[in-house]
Amino acid sequence: MSAKAADYHARLTDFMTELVFPAEESYHAYRLEAGPRDHTVPPVVEELKKQAKERGLWNLFLPSVSGLSNIEYAPLAEITGWSMEIAPEVTNCAAPDTGNMETLHLFATEEQSEQWLKPLLDGEIRSAFAMTEPAVASSDARNIETTMLRDGDDYVINGRKWWITGAADPRCKILIVMGRTNPDGPSHRQQSMILVPTDTPGVSIERSLPVFGWQDQHGHCEITFDNVRVPSSNLLDEEGSGFAIAQARLGPGRIHHCMRALGAAERALALMVDRVQKRVAFGKPLAEQGVVREAIAKSRNEIDQTRLLCEKAAWTIDQKGNKEAHVLVSQIKAVAPQVACDVIDRAIQVHGGAGVSDDFPLARLYSWHRAMRLFDGPDEVHMRTIARAELGREKSALATAASRQSGTAAVAH
């Protein structure tokens, strides 16, 4: 780490151990008492936000604000992944706000930034990103059917979205909505993005969808847009730029999720190691069982390999930009959630029945990271990107010579 990143790392570690981990009990007690359908914010969240601001642990994800590069931010995001429901939010580094703030930073007008980016950066409001739809395969954004048609000085929006993370939070004041402004245009120029305040007439939050039966505090919502009218000044960038904006938004957002997944995997491994050293079965600690030792060793190998790939992607974004890093981002997005699931699954196994209960965080960790294999592009889409790049790569001199030699040997044989 750079000296700056190392300093942040030490201070963030202290913040986690002194304040965040002890706050988890209060957070979950509030949610339990409030009930699964209640999306109000546990008071400890706002208390910790004040502490994070005072300690200078705020908006670390945005290079233009924090001064941190992606490679410097990576180990910090990993730390927040140890307490995924609290730490990212209280440092103002939680999705979907991070992606939305990056989008506004890149594409918003001065007026849009003043109205929406500033309060988001200050942690006064929250936001959501409305792209995915229930009626189409939204992994291909060109399928999206929601219409946003010009009518004089306004756009009129009609459609249905779902899995809109954050929209149930009472602090959510703005949606970035993706839809068709030019249904007859070229496939990559049909889509645009428009800012829609959540209190606009015609915006209806129908329900919050559970993830493996669990309702997250911020919610994952199904939203209908029924003749929703917003001024044309709410358009982001220009008509037809929605697809390009989506790619710019999702690149850094995907890698941030992967960084945090490493932290979740590290927590699961730490819990696994602690459990097997204390638990006795068949006359000896579980830690002395060969199969358990193999699970620990595999987990360490996989986490460290994944971290290096994540750092390579982060470094490439810093040095060459999102476009040059897009295959690496697909690689880490396909790898990190799977590794997190594998490590968490092993930790669940050594905890026995306790592992699938709410007495330990493992079940929640698993459900979130299993869902991560779907959001921000399912595994299959990223694998398709990786394979396409590999098939289209120009052969190196070594590959060309080796292929030629193998073919010659086969003919001779």
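Among 61-68, 328-335, 399-406, what's the highest-first ranking by average C-beta atoms within 10 angstrom per residue?
Values: 61-68: 16.6, 328-335: 24.4, 399-406: 10.8.
Highest-to-lowest ranking by the protection proxy: 328-335, 61-68, 399-406.
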Checklist entry - From the cross-link list 320/395; 278/312; 53/298, which pairs have alpha carbons spaced over 27 Å apart? => result 278/312; 53/298
Checklist outcome for this item: Fraction of alpha-carbon pairs in the chain farther than 34 Å apart, rounded to whole percent, equals 34 percent
Checklist entry - Can you tell me the accessible area per residue over the chain, all protein chains present, probe 1.4 angstrom, in square angstrom? => result 47 Å²
Item to check | the chain, dipole about Cα centre (Lys/Arg Cβ +1, Asp/Glu Cβ -1), debye to the nearest 20 | outcome: 1440 debye
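As a test of reading the structure, rank 395, 161 by solvent-accessible area (1.4 Å probe, protein chains only), most first.
Numbers: 395 130, 161 0 Å².
I get 395, 161, largest accessible area first.
Round to a whole number: what % of the accessible area of the chain belongs to carbon and sulfur, probe 1.4 Å? Present the calculation step by step, with values, prior to reporting the outcome.
Numbers: 10230 of 19230 Å².
That fraction is 53 percent.
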Item to check | Links that overshoot a 20 Å alpha carbon limit, given the list 4/49; 50/118; 118/333; 49/118; 4/333 | outcome: 4/49; 118/333; 4/333
Checklist entry - How long, wide and thick is segment 123-200, going by the Cα atoms along their three principal axes, in whole angstroms, largest first? => result 39, 32, 18
Checklist outcome for this item: Dipole check, segment 268-381, charges on Cβ (K,R +1; D,E -1), about Cα centroid: among 377, 344, 310 the Cα furthest to the positive pole belongs to 344
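Relative contact order for the chain: what percent, with Cα pairs under 8 Å and sequence separation of 6 or more? Display every interim value, and only then the final one.
Numbers: 650 pairs, mean separation 56.6, N = 413.
The value is 14 percent.
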Item to check | Magnitude of the charge dipole, segment 1-152, Cβ model with Lys/Arg +1 and Asp/Glu -1, debye to 20 | outcome: 160 debye
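The values are calculated or read from the model by the stated rules, or taken from the named source; none is laboratory data. All values derive from a computational prediction rather than experimental measurement. FYI the Cβ positions are ideal-geometry reconstructions off the backbone, even for glycines, and counts take in every protein chain you see. These accessible areas exclude ligands, DNA and RNA; they are computed on the full protein's heavy atoms, side chains included. Shrake-Rupley method; radii C 1.70, N 1.55, O 1.52, S 1.80 Å.
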